[in-house]
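Quick notes on the structure that follows.
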Amino acid sequence: MAIYAIGDVQGCYSELCRLLDKINFDDSEDTLWFCGDLVNRGPESLQTLRFIKSLGDSACTVLGNHDLHLLALHHGTRKVRVSRDLQKILNSPDRDELLDWLQSQPLLHYDKEHKTVVVHAGIHPAWGLSKARKLAREVETTLRGDRADWFFRKMYGNKPLEWSDDLEGGKRLRFITNVFTRMRYINQAQQLDFTVNRTLRRYLRSGLTPWFQMKATLRDDVRVLFGHWSTLPVGCYGRYFALDGGCVWGGHLVALRVDDHAEDWFFVDSYIKRPIKLAKSS
């Protein structure tokens with residue numbers, strides 16, 4: 001049995017099918033871990049959702065910011081824009097079934113056997129594994145309960161920028177959600193910074209540090225797989241693995257085999273091709 005982690009699909013269903021062909025995926029034996037952002041910007045979000053849901057226990061996904069955006073629209077949040085691709089989902093006859101399934105997905109997946117965490121954006125450096133899992137469950141419990149509408153009204157926004165155990169209510173859940181689904185850089189005051197989302201060169205000029213280069217509380221023997229950062233070269237950053245190949249931007253859809261220590265990488269081109277950029281192992 002093989003386990004493959006897959007980066008941001010974002011509605012690129014055709015590329016996903018080609019990637020699964022490339023790895024010879026067998027849903028009776030193999031398992032897929034998706035790093036979130038299944039939908040939006042690509043042309044086939046509805047097909048993507050239907051397919052991944054149909055895989056049942058052969059696949060799991062964590063929630064990304066675009067997935068939460070779709071759910072917010074479903075719950076009547078009107079402050080945000082509806083793309084044509086997401087509107088197809090909202091108009092589909094199986095909308096409620098699909099979105100109920102999506103809303104039941106976690107923010108963090110942990111596999112104890114392989115000592116591997118899957119998140120969309122990252123894990124805050126101040127959080128150990130137990131704390132990260134506990135905080136993820138706080139948001140997940142709210143999403144699955146009768147306060148989901150309230151959560152989506154409170155979800156949008158950058159503040160608070162700094163973690164405190166004393167945070168409460170909407171501010172607490174917003175910060176947790178932003179860490180797991182939007183975080184890239186942290187500044188010298190240990191605050192999340194959402195002003196820069198491009199290449200690593202910029203943080204050298206702005207005093208920012210990628211979250212995965214900060215001193216971490218997370219146990220040293222735990223690997224972290226994440227997506228979200230399409231301008232970050234795909235690859236291994238120590239025990240952190242970046243899987244967003246920017247397929248929806250003309251890059252690549254990426255899979256990483258994680259059930260053994262070979263850590264084999266697989267790529268398929270988007271319809272708009274560009275060279276594969278890999279991070280240097282460290």
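The values are calculated or read from the model by the stated rules, or taken from the named source; none is laboratory data. Because the structure is a prediction, the values reported are computed rather than measured. Here the Cβ positions follow ideal geometry from the backbone for every residue, glycine too, while neighbour counts run over all protein chains shown.
Tabulated data
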| item | result |
| --- | --- |
| Residue within region 69-84 that is out of contact with any strand residue (DSSP E or B) (no Cβ under 8 Å at 6 or more places or on another chain), over 25 Å from Arg172 (Cα atoms), touching a residue at least 24 places away in the same chain (Cβ under 8 Å) and surrounded by 16 or more Cβ atoms within 10 Å (Cβ to Cβ) present | yes |
| Filtered residues of region 68-118 (kept if closer than 20 Å to Phe51 by Cβ and of a type in the set (Lys, Arg)) | Arg84, Lys88, Arg95 |
| Scope region 17-45; condition part of a loop (DSSP other than H, G, I, E, B), modelled with pLDDT of 95 or more, within 19 Å of Leu107 (Cβ to Cβ) and not charged (D, E, K, R); matching residues | Cys35, Gly36, Leu38, Val39 |
| Only one of Phe241, Phe212, Phe266 that is at pLDDT 95 or above and part of a strand (DSSP E or B) | Phe241 |
| Pair list, Cβ under 6 Å, 6 or more apart: region 247-262 residue within 17 Å of Arg41 (Cα to Cα) and surrounded by fewer than 16 Cβ atoms within 10 Å (Cβ to Cβ), other residue at pLDDT below 90 and among the aliphatic types (A, V, I, L, M) | Gly250/Ile272 |
| Members of region 153-172 found to be under 15 Å from Leu192 (Cα atoms) and in a helix (DSSP H, G or I), listed by number | Lys171, Arg172 |
| Enumeration of residues in region 132-152 that are in a helix (DSSP H, G or I), over 17 Å from the mean Cα position of the chain (by Cα) and either surrounded by fewer than 14 Cβ atoms within 10 Å (Cβ to Cβ) or without any contact (Cβ under 8 Å) to a residue 60 or more places away in the chain (or both) | Lys134, Glu138, Thr141, Thr142, Asp149, Trp150, Phe151 |
| Among (1) buried (at least 20 other Cβ atoms within 10 Å of the Cβ); (2) under 18 Å from Asp100 (Cβ atoms); (3) touching a His at 6+ places or on another chain (Cβ under 8 Å); (4) not charged (D, E, K, R) - the single one Asn40 does not satisfy | (2) |
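Quick grid of which residues meet (1) acidic (Asp, Glu); (2) farther than 22 Å from Val117 by Cα; (3) out of contact with any Phe, Trp or Tyr (no Cβ under 9 Å at 6 or more places or on another chain):
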residue	(1), (2), (3)
Ala148	no, yes, yes
Gly157	no, yes, yes
Leu167	no, yes, no
Thr181	no, no, yes
Tyr185	no, no, no
